[in-house]
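Asks: I'd like to ask some things about the structure below.
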Amino acid sequence: MTRSDLVEELANRFGQLTHRDAEFAVKAILDAMNDALVRGDRIEIRGFGSFSINYRPPRIGRNPRSGASVAVPEKRVPHFKPGKALREAVDQRTAELGAKHKV
């Protein structure tokens, strides 16, 4: 699902929202989430999951083409951890789909 798919889904589910309003709502939510992660805050959406920032320490990597050692700097990366309800829903749905495709 892309951002535009999300806007379409929101506009379709809520008839009183225009496409432009749905687009604005999605942009506002994503911007707020982006700003929170940039500040280092944790985002928790019950039943869906949580977003946090993981620290990756500096390390020595290898250039796969030449095999030379390369210093990889430290970085902070976003991390998503799905909630229990989402994990169970995905597991149940994929199990149902898998059962349909087995012969």
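The values are calculated or read from the model by the stated rules, or taken from the named source; none is laboratory data. The structure presented is a predicted model; accordingly, all values stated were derived computationally and were not measured. For neighbour counting, all protein chains shown are included, and Cβ atoms are generated from backbone atoms with ideal geometry for every residue, glycine included. With ligands, DNA and RNA removed, areas are computed over all heavy atoms of the protein, side chains included. Shrake-Rupley method; radii C 1.70, N 1.55, O 1.52, S 1.80 Å.
Asks: Determine whether residue 89 is over 20 Å from residue 32 (Cβ atoms) and assigned to a helix (DSSP H, G or I).
Replies: Details: over 20 Å from residue 32 (Cβ atoms): yes; assigned to a helix (DSSP H, G or I): yes.
Yes.
Asks: Return yes when residue 61 is part of a strand (DSSP E or B), of a type in the set (Gly, Ala, Ser) and more than 17 Å from the chain's Cα centre (by Cα) and no when it is not. Spell out the reasoning first.
Replies: Details: part of a strand (DSSP E or B): yes; of a type in the set (Gly, Ala, Ser): yes; more than 17 Å from the chain's Cα centre (by Cα): yes.
Yes, satisfied.
Asks: May I pose another question? Going by the structure shown, is residue 4 part of a helix (DSSP H, G or I) and surrounded by 10 or more Cβ atoms within 10 Å (Cβ to Cβ)? Explain how you work it out, then say what you get.
Replies: On the way: part of a helix (DSSP H, G or I): yes; surrounded by 10 or more Cβ atoms within 10 Å (Cβ to Cβ): yes.
Against the criterion (part of a helix (DSSP H, G or I) and surrounded by 10 or more Cβ atoms within 10 Å (Cβ to Cβ)), residue 4 qualifies.
Residues checked against (1) modelled with pLDDT of 95 or more; (2) under 21 Å from the mean Cα position of the chain (by Cα):
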residue	(1), (2)
30	yes, yes
53	yes, yes
68	yes, no
97	no, no
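Asks: Considering each of 62, 46 in turn, give the residue that is open to solvent by 60 Å² or more (accessible area, probe 1.4 Å), closer than 23 Å to residue 2 by Cα and of a type in the set (Lys, Arg). Can you show your working first?
Replies: On the way: 62 fails: closer than 23 Å to residue 2 by Cα.
From the options 62, 46, the qualifying one is 46.
Asks: I want to confirm something. Restricting to region 65-86 and keeping residues that are among the small types (Gly, Ala, Ser) and closer than 30 Å to residue 37 by Cα, which single residue is least open to solvent (accessible area, probe 1.4 Å)? I'd like the intermediate steps shown before the answer.
Replies: From region 65-86, those among the small types (Gly, Ala, Ser) are 66-69, 71, 83, 85; that's our starting set.
In the following step, the residues that additionally are closer than 30 Å to residue 37 by Cα were identified as 71, 83, 85.
Working: 71: 79, 83: 17, 85: 56 Å².
Result: 83.
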